[in-house]
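Each remark here refers to the structure printed beneath this line.
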Amino acid sequence: MKDTEIYEKLEEIFEDVFDEKIKLTADTTAEDVEDWDSLTHITLISAVEDEFSVKFSMKEVSTMKNVGEMVDIIRERSK
Amino acid sequence: MSVLSYPFNPSEILRLKRKLKRELLADGSARIKKNIAILGGSTVNDVADVLELFLLKQGIEPTFYLSEYAQYWQDAMFGNESLNLFKPDIVYVHTTVRNLERFFPEIKDSKEDAEKRLDDAKDHFLSMWRKLEETFHRPVIQNNFELPAYRILGNRDTVDYRGRTNFVNRMNSFVSEYAAKHESFFVNDINYVSACFGLDKWHDVNSWCMYKYACALEAIPYLSFNLSNIVKSIFGKNKKALALDLDNTLWGGVVGDDGVEGLEIGSETPTGQAFLEFQQYIKKNKEIGVMLTVCSKNDYNNAIDGLNHPDCALKPEDFLVIKANWEPKGRNVARTAKELNIMSDSIVFVDDNPVERENVRRSLPSAAPDIGTVGDYIRVLDRSGFFEVTTLSEDDLKRNEMYKANALREQEMHSFEDYGEYLKSLDMTAEIAPFAPVYIQRIAQLTNKSNQFNVTTKRYTAEEIAAVSESGEYIDLYGRLCDRFGDNGVVSVVIGKKEGKRLCIGLWIMSCRVLKRDMEYAMLDVLVDSCKKQGIEKIEGLYYPTAKNGMVKNLFGDFGFKKISEDDAGNTVWELDTAGYVNKNRYIKVN
C-alpha cells in the first residue's frame, strides 16, 4: 500500500474518532491534537487495527512516537 | 439510528462515538436527565461513553460520575466529596471476575480455607451493597461475574472447592439471591452477555494488559447496551406492545396465496418448527404483559383463518388488535397505538420485509428491528431488550386480560344511549388510600409510564415513593378501580406536599385505560376530604406542558380550580379552596 493511501485512510479514521478534520504528517503527535489523550488513543489504535487489518504489539502501542512510525508499521504489515 | 440497534458492529460504534453523540443530542427529541454513578473495578471510560449513546437513543440524557481507576469499593464504603455532591439517580457497580482475583482459593487450601475465602468475597460485596443503599437510597445495578479465562482444574474446576469456575458460580448464586430479596437492586448479567459474545473473545489479553479493560473493547457495546436496557426499564422507557406481521413472520408462506393448508407452521417441517418456536416465544412475551397486535397486509378473513391453523401457538384471541388490510403499515401501527391508548414509540413492529420496516420507521418513532430470517427472530428480539423486566407486577401479568375487559366495556358502551347510564351499569368500586407498601413498585412504575394524563411528568423511583409515603410531609393517594368486567389495578396516583395550610400537588397521574370513568373525580373527592381533615384550606395545582400531556391542560379548571398564573412556556398554576367543595364523583363507590 502506498503511503498516500495510508495517510488518506488514516485521516478518515482521525476524522471519525475526533469528529473533526485533522491534517496528518509523519511528525504529527498526540501533542498536536487537542483531544488525543490516552483514552482516545485506545479508540484510535483499535480503529486503525480494524481498518488496515493489522495488529500492533503491546510494545508498539506504548512506544509509537508519531504518525510516521504508525505508517511505517502499517506499510510493513500490509505488504 | 440503526448503528445502535442489535446486532452491533462494535468497531463502528467505538470509532464513531463522538459523532453519534453529537447527532443524537441534535435530533431534537425530549429526554429525561439522570445522574449515573459508575463505580468501576477496572477501566470504565468507554463503558460510560457507549452507555451514554444507548441511553440517549432510549430517551435518557445521562450525566456520569466515574470512580477513579478500580476505586469502586473505596468510593462506595467511604464516599468522597464529588460523589456526594453528584447525587446519583442510579449507582452502577462495574466489577468483573478480575475483581475476584484476590479472593480465589489456592490449590493448597483446605475446604475450610476455601469456604473462608468465599465468605470474604461475599462480605466484600454485601457490605458495599448495604452501604450504597444506606447512603443513596437509589437503585443499584451490580454486574454478576463472567466465567474465568482459564480452568486450572479442567472440567473439575466447576466441581472442586478450589476451582475458580466453582467459585464464580457460587458468587453468582449469591448475587442473584441478594437481588431477589432487594427490589431496588438489579443484576447486570454479564455472565450471560459474555457467553453470547464468546468467552474467549471477551477475555482479551491486550485490552486488559494495555488498558485495564476487563473485557475486550469490542464487547463493550454489548455490555453497555445490556446495562442501558436495565436503566431505561427502571425509568419507565420500556416498549409496551408488539405489532406483528403474519406472512413469513409468524408462519412460512403467504396465507392469501398458499391457503391455510399450505402454510409452514408446526413441527412437521424444519421451517414450520422454527416459526412455531417463534410463536411460542411471542406467547411468552404476552405472559409478561407485552400487548400483542397484528399488522398484516391481508384480507381480514384470511388472516383470521391463518391464525386458526391448528398448529399455531398464537390464536386470534391472543391479540388485542388485529389490523389485516391493505393500507400502509405505518398508518396501521399508528391506529393500533391509538386504540391501545399508548404512544407509537412504545410499539415494536416485527416484519420480515425490510421495505415495510422502512415504511414504519419513516412515518413513526416505533422500533422496527432488522430481524433477519426466521432462525434469527427470537435472538434479535430477545437481545434487543425492548421489554426488559426490572419488576414483574401483578399488573404486568394481567395486562392483556385488562385490555380484553376494556374491549368488552367498549362494546357495552355502544349499547347505551346515555353515557351516565353506561357508567352506572359498570358497578364501579374504587379503593383510594394513602400509599401502602404492597403497591410501592406499581406506583413507581405508573409514575414512569404515564405520559398523557400527567400534569407535571415528575418521575419517581420506588425508593422515592417509599420516602414520600414515610415522611409525613405529604398527602399521597393511590386509586385502584374495579368494575363488573374486572380489576383495573392501581390506575391513579396523587402526591401533594403539605406547606402549612396549603397543599401543593406535585403529581397527578392516571392510566389512560380508565379515561372518562369519573376516576379523577373520585380521587379529587378523597384528596379534598383528607385535606379538610388535616386543616388544609387551599390546594395548589400545577400543569407543565409536554409534547404528550395536552389532555390534562385544563384538568384543574375542570376540577373547579382558579387559574392563578401562566408563564410564557405555558406552565400554569391553579388554586382551590377546600371549604365549600362539593363532591364530584357520581358513579364510583369508594372504599
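The values are calculated or read from the model by the stated rules, or taken from the named source; none is laboratory data. As the structure is a prediction and not an experimental result, all values here were calculated from the model. Virtual Cβ from ideal backbone geometry, glycine too; neighbours counted across all protein chains shown.
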Which one of B:ASN488, B:ASN400 is within 27 Å of B:ASP345 (Cβ to Cβ), touching a Gly at 6+ places or on another chain (Cβ under 8 Å) and touching a residue at least 12 places away in the same chain (Cβ under 8 Å)? B:ASN400
For the condition over 28 Å from B:ILE90 (Cα atoms) and either touching an Asp or Glu at 6+ places or on another chain (Cβ under 9 Å) or in the same structural domain as B:ARG102 (by TED's automatic domain parsing) (or both), what is the one hit in B:VAL140, B:VAL193, B:VAL159? B:VAL159
Here is a check on your reading of the model: is A:SER53 more than 9 Å from chain B (Cβ to nearest Cβ) and of a type in the set (Ser, Thr, Tyr)? yes
Of everything in region B:1-16, what is of a type outside the set (A, V, I, L, M, F, W, C), free of Cβ contacts under 8 Å to residues at least 24 places away in the same chain and surrounded by fewer than 17 Cβ atoms within 10 Å (Cβ to Cβ)? Give them in sequence order. B:ASN9, B:GLU12
Failed condition for B:LEU100, given (1) in contact with a strand residue (DSSP E or B) (Cβ under 9 Å, 6 or more places away or on another chain); (2) in a helix (DSSP H, G or I); (3) under 22 Å from B:TRP202 (Cβ atoms): (1)
I'm trying to understand the selection: among the residues of region B:73-97, which are of a type in the set (A, V, I, L, M, F, W, C) and either assigned to a helix (DSSP H, G or I) or at pLDDT below 95 (or both)? B:TRP73, B:ALA76, B:MET77, B:PHE78, B:LEU83, B:LEU85, B:PHE86, B:VAL97
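Okay, residues lined up against (1) modelled with pLDDT of 95 or more; (2) at positive phi; (3) more than 14 Å from every other protein chain (Cβ to nearest Cβ):
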position: B:PHE197; (1), (2), (3): yes, no, yes
position: B:ALA216; (1), (2), (3): yes, no, no
position: B:TYR222; (1), (2), (3): yes, no, yes
position: B:ASN226; (1), (2), (3): yes, no, yes
position: B:ILE230; (1), (2), (3): yes, no, yes
position: B:LEU246; (1), (2), (3): yes, no, yes
position: B:GLY252; (1), (2), (3): yes, no, yes
position: B:GLU268; (1), (2), (3): no, no, yes
position: B:PHE278; (1), (2), (3): yes, no, yes
Of the listed residues (B:SER42, B:SER29), the one being polar (S, T, N, Q) and either within 14 Å of chain A (Cβ to nearest Cβ) or in contact with a Pro (Cβ under 7 Å, 6 or more places away or on another chain) (or both) is B:SER42
Looking at region A:27-38, which of its residues are within 11 Å of another protein chain (Cβ to nearest Cβ) and either modelled with pLDDT of 90 or more or outside any helix (DSSP H, G or I) (or both)? A:ASP35, A:ASP37
Within region B:449-462, can you find the residues that are surrounded by 23 or more Cβ atoms within 10 Å (Cβ to Cβ) and among the polar types (S, T, N, Q)? B:SER450, B:ASN454
Entirely in region B:425-513, the strands (runs of 3 or more DSSP E) that have 2 or more residues that are hydroxyl-bearing (Ser, Thr, Tyr): B:474-483
Here's a check for you: in region A:48-66, which residue that is touching a residue at least 12 places away in the same chain (Cβ under 8 Å) and over 15 Å from A:ARG77 (Cα atoms) is farthest from the chain's Cα centre (by Cα)? A:LYS65
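Results for (1) small (Gly, Ala, Ser); (2) within 14 Å of chain A (Cβ to nearest Cβ), shown as yes or no for each residue.
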| residue | (1), (2) |
| --- | --- |
| B:SER11 | yes, yes |
| B:TYR65 | no, no |
| B:GLY79 | yes, no |
| B:ASP89 | no, no |
| B:PHE104 | no, no |
Checking A:ALA47 against (1) within 22 Å of B:ASN206 (Cα to Cα); (2) in a loop (DSSP other than H, G, I, E, B); (3) hydrophobic (A, V, I, L, M, F, W, C), the condition it does not meet: (2)
Going by the conditions given, is B:THR457 more than 16 Å from the chain's Cα centre (by Cα) and among the polar types (S, T, N, Q)? yes
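Residue-wise test of (1) in contact (Cβ under 8 Å) with a residue 60 or more places away in the chain; (2) of a type in the set (S, T, N, Q); (3) assigned to a loop (DSSP other than H, G, I, E, B).
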| position | (1), (2), (3) |
| --- | --- |
| B:ARG18 | no, no, no |
| B:GLU23 | no, no, no |
| B:ASP27 | no, no, yes |
| B:ILE36 | yes, no, no |
| B:LEU39 | no, no, no |
| B:LEU56 | no, no, no |
| B:GLU61 | no, no, no |
Pairs under 7 Å by beta carbon, first residue surrounded by fewer than 17 Cβ atoms within 10 Å (Cβ to Cβ) in region A:29-47, partner at pLDDT below 90 and of a type in the set (D, E, K, R), six or more apart or different chains? A:THR29/A:LYS65
Quick check, is A:GLU60 at pLDDT 90 or above, touching a helix residue (DSSP H, G or I) at 6+ places or on another chain (Cβ under 8 Å), in a helix (DSSP H, G or I) and facing chain B (nearest Cβ under 10 Å)? no
Answer yes or no: is there a residue in region B:69-76 that is within 13 Å of another protein chain (Cβ to nearest Cβ) and surrounded by 21 or more Cβ atoms within 10 Å (Cβ to Cβ). no
Given (1) in a helix (DSSP H, G or I); (2) touching a Ser or Thr at 6+ places or on another chain (Cβ under 8 Å); (3) loosely packed, with under 15 Cβ neighbours inside 10 Å; (4) not hydrophobic (A, V, I, L, M, F, W, C), A:LYS65 misses just (1)
If I ask for residues that are in a loop (DSSP other than H, G, I, E, B) and not aliphatic (A, V, I, L, M), which ones from region B:103-117 would you list? B:PHE104, B:PRO105, B:GLU106, B:LYS108, B:ASP109, B:SER110
Inside region B:323-336, the number of residues satisfying the requirement of being under 24 Å from B:VAL514 (Cβ atoms), of a type outside the set (Lys, Arg) and free of Cβ contacts under 8 Å to residues at least 40 places away in the same chain is 1
Condition first: in contact with a Leu (Cβ under 7 Å, 6 or more places away or on another chain), modelled with pLDDT under 95 and of a type in the set (Gly, Ala, Ser). Now tell me which residues in region B:476-515 satisfy that. B:SER511
Those residues that are in contact (Cβ under 8 Å) with a residue 60 or more places away in the chain and within 25 Å of the chain's Cα centre (by Cα), I need them from region B:493-522; list them, please. B:LEU507, B:ILE509, B:MET510, B:SER511, B:CYS512, B:ARG513, B:LEU515
Exactly one condition in (1) assigned to a loop (DSSP other than H, G, I, E, B); (2) at pLDDT 95 or above is not met by B:GLN142; state its number. (1)
When you check B:ALA70 against the structure, is it assigned by TED's automatic domain parsing to the domain that holds B:MET210, outside any loop (DSSP other than H, G, I, E, B) and over 18 Å from the mean Cα position of the chain (by Cα), yes or no? no
Taking A:ILE42 as the residue in question, decide whether it is facing chain B (nearest Cβ under 9 Å) and either within 22 Å of B:ARG22 (Cβ to Cβ) or not in a loop (DSSP other than H, G, I, E, B) (or both). yes
